[in-house]
Amino acid sequence: MQRAFAFVLIVTVGGPVAAQEGAAALSETTTPDISGVVAGGTKVELVARGLRGTESAIGAPDGTLLFTEQDVNRVSRIDQSGGVRPYLSNTNGAMGLAFDRFGRLIAAQTTNPQIAVLWPTRDVLADSFEGHAFLRPDDLAVDRLGGIYFSDPGPPPQPGGPPPARAPTVFYVRSESDIVAVAEGIERPTGVLLSLDEQVLYVADALGDAVLAFDVRPDGTLTNRRVFARLEGVVKTETGVRSGADGLAVDAEGRLYVATLAGVQVFSPQGRHLGTIPVGAAEGPQSLAFGGPDRRTLYIVGRGGAWRVAMLTEGPTDRAK
């Protein structure tokens, strides 16, 4: 069933974001032909560089794109002309973003680890589980009932550093007093996303070689863990593998898009690899989302840059991502 997607107005808090010439080398590329997805030779256009801690792209109802700049504690916006401006400040290290059914902007916050409303109010929705603080929430997805799935992988692992206080976990928030752990045993869960019918939750594993899928029960808990798709371009390390799998997006046909070290990998609804959109960043992109007035622009952010691609397909029209 289609749902109305409420318009959200947020006042900007400053002028244009200045490009920084000293930023890491970023470039433009062109796409391969991916049938029904993108025409071969389409430019992956670099629209901004010198951004700070780019994460969590999400399409806004007016066709613009929101994303977090965690290093400078703000949410920024790319308008339809490609201009970048600050959007919200003092975001408590917001990383993941999502809109709920009421049009509220929800964030996974990292400075004080919690899940909170960023706009139109500043309300904490969850900050602990069974008396223990969250580690470092990363990404989140809100279902039609208002429940919130979020990944909590903890800080990036450091060689020789202390182990995390708790194993990385995916949680589901039913209400402030009802939080459940729904997936464990994933080395570094990052991006989380619901399928179009919300019957499946996808979870990216940055330190694995696959995107996982879980069936969603009526109470929001998960079952039937399985590999949805094997990722390409995985790097072998001394301790295992690294895919860099991070942000996820889905189009109106149910295809899944995954930001990885190799670029944006595109999979059919059955998990078949359809192609990879190269992105001009040495370590690959970090997040992506459909935007634009017709939702036929794929925006990609990461490594201090932002890109956009004109697509043949479109993003979902009844939800932000």
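Here is how the numbers come out for the structure above:
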read-out: Extreme residue, positive dipole direction of the stretch 74-202, given options LEU196, VAL117, ALA181 (C-beta unit charges); value: VAL117
read-out: Highest-MSF residue in the chain out of THR221, THR111, THR239 [GNM, Cα springs under 10 Å]; value: THR239
read-out: Those GluC sites (Glu not before Pro) in the stretch 162-199 that DSSP places in a loop and that have at most 13 other beta carbons within 10 Å; value: GLU176
read-out: Stretch gain in nm, segment ALA252-GLU130, where the contour uses 0.36 nm per residue and the Cα spacing is subtracted; value: 40.1 nm
read-out: Gyration tensor verdict on the stretch 160-309 (Cα atoms; rounded if a/c is under 1.5, prolate if a/b is larger than b/c, oblate otherwise); value: oblate
read-out: Where the Cα pairs of the chain fall when distances are cut into 20 Å bins, in %; value: 36, 61, 3
read-out: Semi-axes of the equivalent ellipsoid for the stretch 232-274, Cα gyration tensor, largest first, Å; value: 23, 10, 7
read-out: About the Cα centre, charge dipole magnitude for the chain (Lys/Arg +1, Asp/Glu -1 at Cβ), debye; value: 300
read-out: Computed label-point distance, nm, for sites SER177 and THR30 using a 7 Å Cα→Cβ extension; value: 6.1
read-out: Efficiency of FRET between ARG226 and SER268 - r from beta-carbon atoms, R0 25 angstrom, step 0.05; value: 0.95
read-out: Whole-Å semi-axes of the ellipsoid equivalent to the stretch 142-233 (Cα gyration tensor, √5λ, descending); value: 23, 18, 10
read-out: Low-density loop cleavage sites - trypsin sites (Lys or Arg not before Pro) in the stretch 161-225, where at most 16 other Cβ are within 10 Å (DSSP); value: ARG166
read-out: Centroid-to-centroid separation of the stretch 129-179 and the stretch 287-321 [C-alpha atoms, Å]; value: 26
read-out: Fraction of the pair-distance distribution of the stretch 42-173 above 19 Å, Cα-Cα pairs, percent; value: 51
read-out: Coil-residue trypsin sites (Lys or Arg not before Pro) of the stretch 17-113, DSSP, other Cβ within 10 Å capped at 16; value: ARG52, ARG101
read-out: Selected from SER243, SER128, SER177 as most flexible by GNM, with the chain as the system and alpha-carbon contacts under 10 Å; value: SER177
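Read the figures in this text as sums done on the coordinates, not as results from a lab. For clarity, every value in this text was computed on a predicted model and none was experimentally measured. All Cβ positions, even for glycine, are placed from backbone atoms using ideal geometry, and neighbour counts span all protein chains on display.
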